[in-house]
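The values are calculated or read from the model by the stated rules, or taken from the named source; none is laboratory data. Just so it is clear, the structure is predicted and the values come from calculations on it, not from any experiment. Heads up, the Cβs are rebuilt from the backbone with ideal geometry, glycines too, and the neighbour counts pull from every protein chain shown.
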Amino acid sequence: MATASGEFPYAKVLVTGGAGFIGSRVVPRLEALGVRQVVVDNLYVNLPLPDARDGVVPIEADIRDGAAMRAIIAEHKPEAILHLAAVHHIPTCEREPHLAFDVNVMGTQTLLDAASEGGIRDIVFTSSGAVYQWKDGPLTEAATPIGATDVYSITKLSGEYQVAGWAGRTGGRAHIGRLFNTIGTGDPNGHLIPDLLSQLTAGEGPVTVKLGNTKPKRDYIHTDDVADAFVALLAGLKRGPDVDYFNICTGKELSVAELVQLMGDLLRVDVTIESDPTRFRKIDRLQQLGAPEKILAERGWQAQIPVRQALARIIRDLGHTVHEDDVLKAA
């Protein structure tokens, strides 16, 4: 189970949310490293669990079911947990806050309780770059104040406190990945890029794209890079402080308007943007740029897929034509 930095520290890992957008990409990466996995998912987003095979045990279960989680841990005896399971679709969280808190907060606590009972002391937890206060410039783990504002980020900040408190009480280790805007093919939730693509490919000739606020800037990262980052966090979990925090991001940002123009360029479509105030979010920070220097220095990870290439992959995967010379331009 060798990695770039040596032997992988865990022979068996419990992956929650392992059928999801990110989890489904993490599983084969850990498998390639020889890590045996128990992959748990409640199939809420209708993505399939991986096939059962040597080294991969798929289980349909809900992290809120304490009896099920205790039984799974007791039977399979994982050495660490990669906790990806969550309700992360922002409109769903705002529309159904009770569900978001039930899964993201109470589900996390149920999992932590089961881990304590089963003797697990190591966990990597998925959080969000949205837990930082709104500010200009790169958001850093050491210097940027915390300030969650919407339902999703509040649940994730709660989860950070929960896993940190659990580590302190149990003598465990909890490393937290603060994830920025993830893009890729196969996201089961409705997000910005699929909506843009449907508008950009609706007809021939010039296209008018209707959007809400076009000014917010985001740090977009491809889900394959995200999966590699979580493997790197697991690989280094036994190093550093018992509780630690890492941004998972590119360190580059695009506004919504710039994203639309880039997609239009890749599709060779002449785009006009029309801002529709009825589409504005009630809460929408203007900037969310991550600083990736810490995870590079301490885990040797950095994003490998520029946003132009990431968008080209998505567009191609969804059946549209992208020209090679457009993809090869600097992102």
With respect to the numbered conditions (1) in contact with a Ser or Thr (Cβ under 8 Å, 6 or more places away or on another chain); (2) assigned to a loop (DSSP other than H, G, I, E, B); (3) at pLDDT below 95, which one is the sole condition not fulfilled by Asn46? (1)
Could you check the stretch 187-232 and list, in sequence order, the residues that are under 13 Å from the mean Cα position of the chain (by Cα) and either basic (Lys, Arg) or under 14 Å from Val26 (Cα atoms) (or both)? His222, Thr223, Asp224, Asp225, Val226, Ala227, Asp228, Ala229, Phe230, Val231
Which residue out of Ala74, Ala68, Ala86 is outside any helix (DSSP H, G or I) and among the small types (Gly, Ala, Ser)? Ala86
Checked pairs for the stretch 225-248, first free of Cβ contacts under 8 Å to residues at least 24 places away in the same chain, second crowded, with 24+ Cβ neighbours inside 10 Å, C-beta under 9 Å and 6 or more apart or across chains, list as Pro241/His175
Filter result for the condition that a residue is of a type in the set (Val, Ile, Thr), modelled with pLDDT under 95 and either crowded, with 24+ Cβ neighbours inside 10 Å or in contact with a Phe, Trp or Tyr (Cβ under 9 Å, 6 or more places away or on another chain) (or both), over Ile81, Ile63, Ile22, Ile90: Ile90
Looking only at residues that are touching an Asp or Glu at 6+ places or on another chain (Cβ under 8 Å) and assigned to a helix (DSSP H, G or I) in the stretch 155-173, which one is surrounded by the fewest Cβ atoms within 10 Å (Cβ to Cβ)? Gly168
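Restricted to the stretch 282-305, and to residues that are more than 17 Å from the chain's Cα centre (by Cα) and modelled with pLDDT of 95 or more, which residue is surrounded by the fewest Cβ atoms within 10 Å (Cβ to Cβ)?
Initial filter on the stretch 282-305 (more than 17 Å from the chain's Cα centre (by Cα)): 282-287, 293-294, 296-300.
If we keep only those that are modelled with pLDDT of 95 or more as well, we get 293-294, 296-300.
Working: Glu293: 14, Lys294: 15, Leu296: 15, Ala297: 10, Glu298: 16, Arg299: 25, Gly300: 13.
Here the residue is Ala297.
How about the stretch 34-43: which of its residues are part of a loop (DSSP other than H, G, I, E, B) and buried (at least 16 other Cβ atoms within 10 Å of the Cβ)?
Here is the first cut: in the stretch 34-43, the ones part of a loop (DSSP other than H, G, I, E, B) are 34-35, 42-43.
Listed by number, the residues that qualify are Val35, Asn42.
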All positions within the stretch 93-110 that are surrounded by fewer than 16 Cβ atoms within 10 Å (Cβ to Cβ), closer than 15 Å to Asp62 by Cβ and not aliphatic (A, V, I, L, M): Asp102
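For the stretch 145-154, give me each residue that is assigned to a loop (DSSP other than H, G, I, E, B) and without any contact (Cβ under 8 Å) to a residue 40 or more places away in the chain. Don't jump to the end; show me each part of the working.
From the stretch 145-154, those assigned to a loop (DSSP other than H, G, I, E, B) are 145, 147-150; that's our starting set.
Once the filter is applied, which keeps residues that are assigned to a loop (DSSP other than H, G, I, E, B) and without any contact (Cβ under 8 Å) to a residue 40 or more places away in the chain, the stretch 145-154 yields Pro145, Gly147, Ala148.
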Identify the single condition in (1) in contact (Cβ under 8 Å) with a residue 24 or more places away in the chain; (2) assigned to a strand (DSSP E or B); (3) touching a His at 6+ places or on another chain (Cβ under 7 Å) that Leu111 does not satisfy, given that it satisfies every other one. (2)
Condition set part of a loop (DSSP other than H, G, I, E, B) and more than 22 Å from Asp187 (Cβ to Cβ), scope the stretch 49-59, selection farthest from the chain's Cα centre (by Cα): answer is Asp54
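In the set Leu33, Leu49, which member is aliphatic (A, V, I, L, M), assigned by TED's automatic domain parsing to the domain that holds Gly236 and farther than 27 Å from Phe246 by Cβ?
On the way: Leu33 fails: farther than 27 Å from Phe246 by Cβ.
It is Leu49.
Of the residues that make up the stretch 68-76, is at least one among the basic types (Lys, Arg), under 18 Å from Val39 (Cα atoms) and either touching a helix residue (DSSP H, G or I) at 6+ places or on another chain (Cβ under 6 Å) or buried (at least 16 other Cβ atoms within 10 Å of the Cβ) (or both)?
The initial filter retains those residues of the stretch 68-76 that are among the basic types (Lys, Arg), namely 70.
From the residues that got through so far, the ones that are under 18 Å from Val39 (Cα atoms) too are 70.
Filter once more, so that each one left must be either touching a helix residue (DSSP H, G or I) at 6+ places or on another chain (Cβ under 6 Å) or buried (at least 16 other Cβ atoms within 10 Å of the Cβ) (or both): 70.
Within the stretch 68-76, one or more residues are among the basic types (Lys, Arg), under 18 Å from Val39 (Cα atoms) and either touching a helix residue (DSSP H, G or I) at 6+ places or on another chain (Cβ under 6 Å) or buried (at least 16 other Cβ atoms within 10 Å of the Cβ) (or both).
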All but one of (1) closer than 17 Å to Glu293 by Cβ; (2) within 20 Å of the chain's Cα centre (by Cα); (3) surrounded by fewer than 19 Cβ atoms within 10 Å (Cβ to Cβ) hold for Val243; which doesn't? (1)
